[in-house]
Amino acid sequence: MIDLHDVRKVFPARGRSGEVVAVDGVSLRVAAGEFAGVVGPSGSGKSTLVRLVNLLERPTSGSVTVDGRVLTELPDDEVRQARRSIGMVFQHFELLDSRTAAGNVEHPLELAGVGRAERRRRATELLDLVGLGERADAHPGQLSGGQKQRVAIARALAGRPKVLLCDEATSALDQASTTGVLELLRRVRAELGLTVLLITHEMAVVKAVCDSAVLLERGRVVDSGRLSEVLTREHSPLADALLPAPLTDADAGHGGVLLRVTVTDRTPETVVLQTLIGQLGLAVEVAGGSVETVAGGRYGRLLLRATGDLSRLDGALRGLRDDGVLIEPIPRDSGAVATAGADR
Amino acid sequence: MSDWARVWPQLLEATWETLYMVGVSALLTVLLGIPLGILLTVTAPGALAPRPLLYRLLGLVVNLGRSLPFIILLVLVAPVTRGVVGTTIGSTAAIVPLTIGAVPFLARLVETSLREVASGKVEAALSMGARRRDVVRTVLLPEARPSLIAGTTVTVVALISYSAMAGAVGGGGLGDFAIRFGYQQFRTDITLLTVVLLLLIVQVLQWAGDHWARRLAHA
Ligand SMILES: Nc1ncnc2c1ncn2[C@@H]1O[C@H](COP(=O)(O)OP(=O)(O)OP(=O)(O)O)[C@@H](O)[C@H]1O
Ligand SMILES: [Mg+2]
């Protein structure tokens, strides 16, 4: 549904600041109906990337295809037309204070030349969809942040888009409103069969709603994939960002051996514990880590400390790995290896 | 006090002349100044329709108009006035320099108002497929309306004070009246009365402008 091919965006030098390569050769594909997330540190080009999708920013090179249309080859007026089927939601809502909630939802319809009665009907329907039917006549100043974002989502959906772009849609909201807005996004995605591309710097948001994610750093894609796949990888920058690897520095000098376990649905930690405690008779404690439910599956990183008779450990670990369990010992003297990934 | 009977009709006429001069030039100023302000806003570098050369040229003209003392402008535009109205004397003739003086003033205020509209709102409209003129019509102007009204009020108040000056050099109106009766005939009471009248007009205008702007501000 969204297809970026080798897209670059260079902002020309201005004044004393040199030119900025905001997006540096990104290729990205989001399938129809997919909920994709883009994460990355501040300044990594996330906002620029999402603005390239509806050509609010023209790429310096590369092509942008949405719903089978190569936008980068279309003349301006056809790009404008195409934008009507790509909804966009912003961090700071960007509602017009001069209009009511309903007036804001009608705005895109007005631009598309939809008649007054039909606009009214659509606005009512959409505000009901986002749970704000009663606030149709309220001005943005009278609404909470979460409510404003709901109105903005209703507005983005007015033109019956197939694609919804969200740039930090929850970053200005508190926890409760964030949860509400994310639930709404999931619901409209399912009900309307939308393809969603969501930009965020909050990993919790990705874990809550996304099917797939892309990690951007300095304008480049560093890692990407479906969450259910990425999280089962033992060494993945994206997985490290989503499920921070446990720190080990604090555990030096406690004796025993430290084991790093990647927990997945198919390789739950119970298998590991069964082997270590049941078969080898070791004492095992959890030194750090977490296990969470993401995209309907259980994933996590655990740091286990095993103490006791370690003579049969190596053989047992080989056996586990052969069975597909992601477990590896952390070399005692190598703090560097142990903390790799912890700085993300 | 018997001469009040002689003064009253003239005062009434002077008031009418002032309202006429200010009213017509305010209308013309709004009709010319707002489009000029819009043009300045959209042609600025990095704006909706950047035209750096046109922007700088317009900026120069506007600055020139604003930096000239009104009394000098009065003299400078006399030939234009004669061309348009046929004479340089009278209230109708005064409308030309008044308008020329106020348009650049309002245009700058309009530019400032429009520029204060958050760029994200413009961006949101563009993402909905708005054309540039749609952005001006449905985003910039409505969002800036309270501030545009405030700017227009300030301009009209400035026009009243300009009109007193224009009056003194043959435009009629309250300024002319104050000088002819109050100053030249040493009638301080008449001067004071004119000042009170001008103040009243300004107050009513300011109040109406503020009230209207406040009613439209929902933020
Ligand atoms: N219009 C512009 N002109 C010049 N440079 C720009 C422009 N927009 C963005 N940049 C630069 O491009 C880089 C990427 O910016 P971008 O806003 O895409 O980052 P981001 O990942 O969204 O960051 P954040 O998380 O802080 O929002 C930054 O270095 C930024 O300064
Ligand atoms: Mg950003």
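Values in this text are rule-based calculations from the coordinates and carry no lab data. Keep in mind that what you see is a predicted model, and the values were worked out from it rather than measured. Backbone-built Cβ (ideal geometry, glycine too); neighbour counts: all protein chains shown.
Once you list every other residue whose beta carbon is under 14 Å from the beta carbon of B:Y55, what net charge do they have if Lys and Arg are +1 and Asp and Glu are -1?
+3
Can you give the translational diffusion coefficient of the range B:2-217 in µm²/s, computed by Stokes-Einstein from the Kirkwood radius over Cα pairs at 20 °C and 1.002 mPa s?
Taking Rh from Cα pairs, D becomes 114 µm²/s.
Report relative contact order for chain A in percent, whole number only (criteria: Cα-Cα under 8 Å, sequence separation at least 6).
Across chain A, relative contact order equals 17 percent.
Magnitude of the Cβ-charge dipole of chain B, K/R +1 and D/E -1, about the Cα centre, nearest 20 debye?
Dipole magnitude for chain B comes out near 680 debye.
Mean shadow of the protein assembly as shown, computed from the convex hull of its alpha carbons, in nm²?
Directional mean of the projected Cα hull area for the protein assembly as shown stands at 36.7 nm².
For every other residue with a beta carbon closer than 14 angstrom to the beta carbon of A:V188, add +1 if it is Lys or Arg and -1 if Asp or Glu, then tell me the sum.
The answer is +3.
Over all distinct Cα pairs, what is the inverse of the mean 1/r for the range A:207-321, reported as the Kirkwood hydrodynamic radius in Å?
Result for the range A:207-321 stands at 15.3 Å.
Write down the percent of antiparallel bridges among all DSSP beta bridges whose residues are both part of the protein assembly as shown, to the nearest 5.
75 percent
In what order do A:L109, A:L303, A:L310 fall by count of nearby beta-carbon atoms within 10 Å, going from fewest to most?
Placing the least packed residue first, the sequence is A:L310, A:L303, A:L109.
Got the relative contact order for chain B handy, in percent, Cα pairs under 8 Å and 6 or more residues apart?
Averaging sequence separation for qualifying contacts and normalising by length gives 26 percent for chain B.
So if we plug the beta-carbon distance of B:L57 and B:T188 into 1/(1 + (r/R0)^6) with R0 = 41 Å, what FRET efficiency do we get, rounded to 0.05?
For B:L57 and B:T188, the calculated efficiency is 0.25.
Give the dimensionless ratio obtained when the Cα radius of gyration of the range A:1-49 is divided by 2.2 N^0.38 Å.
1.36
Pick out, from A:A13, A:A101, A:V89, the residue whose Cα sits farthest towards the positive end of the charge dipole of chain A, with +1 on the Cβ of Lys and Arg and -1 on the Cβ of Asp and Glu.
Looking along the dipole axis, the top candidate is A:A101.
Ignoring everything except DSSP H segments at least 4 long, calculate the 222 nm mean residue ellipticity for the protein assembly as shown; use -39,500 (n - 2.57) per segment, divide by total residues, nearest 500.
-15500 deg cm²/dmol
Can you give the angle from 0 to 90° between the axis of helix A:175-192 and the longest principal axis of chain A, with both taken from C-alpha atoms, to the nearest 10?
The two axes meet at around 70 degrees.
How long are the three semi-axes of the equivalent ellipsoid of the range A:71-187, in whole Å, if each is the root of 5 times an eigenvalue of the C-alpha gyration tensor, listed from largest down?
Equivalent ellipsoid of the range A:71-187: 23, 18, 12 Å, largest first.
What is the dipole size for the range B:89-202, taken about its Cα centre, with +1 at each Lys and Arg Cβ and -1 at each Asp and Glu Cβ, in debye to the nearest 20?
So the dipole magnitude of the range B:89-202 works out to roughly 280 debye.
Put a dot 7 Å past each Cα toward the Cβ at B:S119 and B:L199; how far apart are the dots in nm?
For B:L199 paired with B:S119, the spin-label model returns 4.6 nm.
What does the average come to when, for each residue of peptide A:150-159, you count the partner chain Cβ atoms lying within 10 Å of its Cβ?
1
Enter the Cα centre distance for the pair the range A:100-118 and the range A:119-180, rounded to the nearest angstrom.
A separation of 14 Å, based on Cα centres.
Considering every residue in A:89-98, what mean count of other chain Cβ atoms within 10 Å of its Cβ is obtained?
6
For chain A, what is the charge dipole size about the Cα centre, in debye to the nearest 20, if Lys and Arg each add +1 at the Cβ and Asp and Glu each add -1 at the Cβ?
Using only the charged Cβ atoms, the result is roughly 860 debye.
Counting only other chains, and only Cβ atoms inside 10 Å, what mean value do you get across the residues of B:126-137?
Partner-chain Cβ atoms within 10 Å, mean over residues of B:126-137: 6.
Sorted by mean Cβ packing within 10 Å, highest first, what order do the peptides A:315-328, A:75-88, B:142-155, A:150-163 take?
Result, highest mean Cβ count within 10 Å first: A:150-163, B:142-155, A:75-88, A:315-328.
By counting other Cβ atoms within 10 Å of each Cβ, how are A:C210, A:C166 ranked from fewest to most?
Sorted ascending by nearby Cβ count, the order is A:C210, A:C166.
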